[in-house]
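Quick notes on the structure that follows.
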Amino acid sequence: MLMLLFFCYCAVVITGTGLLAVTLRNPVHSVLMVLILFFHMAMLYLSLGAEFLAAVQVIVYAGAILVLYLFVLFLVSLKEELRMPRFVSSAWLGRLIAGGLAACLLYILPVFSTGARGNWPAERVREITPTRALATEMYSASVLPFEIAGLILLVAVIGGLLLARREKDSSNTNG
């Protein structure tokens, strides 16, 4: 019963902060809402026994990604009076689209069965830790996509370094 209440609490906070993150006009407040969302996601992962996933959630997303967002926000030096305008002046269109998406979700949701699916027998899942299971799956069955993701990240880092490099000033010669 306590776990159900904890799950409901996290679900309500995650949903609420997600909605606030996209509706608040101040970008810094939106980033703070996403920070709260990430921490509650990590708490959900902890309650499910996925400690590694919770640590990655906090370190990578709450730490690195949000710091990057804040860095970009302050780098472009937004003024207080510059706020995001509304996309549509009338709110009824947004409510209509949201209602349609909710109806589609409620129509499709009963088709999916509950429970986890996978190739591993239950005895094998119980005997190893979630981190070991993740590593085994990632480095055995999914090694090619993992290597491709590493190459894509390497290309992104090299591209970022090339874009950030400064040209030497040819007029400034010390000789």
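Quick notes on this one:
- Exposure proxy ranking for F74, F7, F112, based on other Cβ atoms within 10 angstrom of each Cβ and starting from the fewest, stands as F112, F74, F7.
- Considering every alpha-carbon pair of the stretch 120-165, the percent of pairs per 5 Å bin, from zero through the bin containing the longest distance, is 5, 19, 16, 15, 12, 10, 9, 7, 4, 3, 1.
Rule-based calculations on the coordinates, nothing more; no lab input. Just so it is clear, the model here is predicted, and its values are computed rather than measured. Virtual Cβ from ideal backbone geometry, glycine too; neighbours counted across all protein chains shown.
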